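Here the structure comes first, spelled out in structure tokens, and everything after it is commentary.
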Amino acid sequence: VLGLLVTDQARFILPALGGLSALIGARLAVLPEWFPRPTVLAIRAGAAVAIGAGLYGFGMHVWGTGGWRVVLGQQSRAEYLDSDKPWYPAGPVPVIDWMNRNLPADARVLFVGEERTYGARTLVAMQSVADRSVFLRCVRGAASAREITARLRRAGYTHILLNGRRFQRMLGRELVEMSGRDRATMDAFIGQEARVIFERNSLFVIEIPPA
């Protein structure tokens with residue numbers, strides 16, 4: 001509960017809420033006999049209001065994200081996946097579809113700032129925020145943008161899929177440790193050494209040049 005109050009990533013706590021709800025429900029179903037009846041009624045009324053608010057919130061979420069339009073045939077799957085939602089920006093599926101159609105069969109793509117790989121037919125590698133980033137290991141201590149290229153190529157990668165918005169947010173929140181010199185070298189790699197070959201919704205497909 002404390003984590004739910006202090007984090008802005010509450011969705012990561014959702015798996016625990018199922019068990020917590022069962023425990024709370026069991027406790028409310030059998031309240032101590034010595035509880036005054038008005039207290040029991042107030043507790044159960046509060047629980048009913050909370051359940052109703054939760055169902056209302058779920059319904060608004062379903063309505064707001066608009067997935068029902070696809071189910072009813074009012075919007076295509078591609079249009080839905082390529083549009084921003086009220087609570088989060090468009091995902092990487094259109095970019096992954098482009099990679100499937102345009103990257104060579106032997107491409108190996110490193111996902112940076114993005115963990116969603118659904119639909120990828122090319123060989124991809126991703127890391128969550130809890131993992132040690134391959135990309136950052138290649139950046140840290142590199143003497144030049146060219147050295148970052150050499151490190152990534154030695155690791156076997158030919159392309160990068162970079163979620164610009166999420167990666168900048170991670171840098172801004174200091175979830176990624178990086179010195180000023182490493183940041184400048186990374187910016188030189190992305191802006192000068194490598195080549196952006198596709199961009200959609202602040203997701204960039206970057207071609208790593210030959211070492």
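The values are calculated or read from the model by the stated rules, or taken from the named source; none is laboratory data. Computed from a predicted model, the values in this text were never measured in an experiment. Positions of Cβ are backbone-derived with ideal geometry, glycine not excepted, and every protein chain shown enters the neighbour counts. Only protein heavy atoms, including side chains, enter the accessible area calculation; ligands, DNA and RNA are left aside. Shrake-Rupley method; radii C 1.70, N 1.55, O 1.52, S 1.80 Å.
Per-structure values
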read-out: Cβ-Cβ FRET estimate between residue 155 and residue 16, R0 fixed at 35 Å, reported to 0.05; value: 0.45
read-out: Charge context of residue 107, other residues only, Cβ under 15 angstrom, K/R +1, D/E -1; value: +2
read-out: Viscosity 0.692 mPa s, 37 °C: Kirkwood-radius Stokes-Einstein D of the range 57-129 over Cα pairs, µm²/s; value: 236 µm²/s
read-out: Label assignment, percent of Cα pairs over 24 Å apart derived from the structure, set (1) 38; (2) 57; (3) 49; value: (2)
read-out: Approximate spin-label separation residue 85-residue 58, in nm, with each point projected 7 Å along Cα-to-Cβ; value: 1.6 nm
read-out: Sequence-separation-based contact order of the chain, relative, with Cα cut under 8 Å and 6+ spacing, percent; value: 16 percent
read-out: Potential extension, residue 199-residue 169 segment - 0.36 nm per residue separation minus Cα distance; value: 9.0 nm
read-out: Heavy-atom accessible area order for 93, 196, largest first, 1.4 Å probe; value: 196, 93
read-out: Span-rule helices in the chain, defined as complete DSSP H runs reaching 30 Å or more along the axis (Cα) with Kyte mean at least -0.5; value: 37-65
read-out: Inter-label distance, nm, simple model (7 Å from Cα along the C-beta direction), residue 132/residue 76; value: 4.5 nm
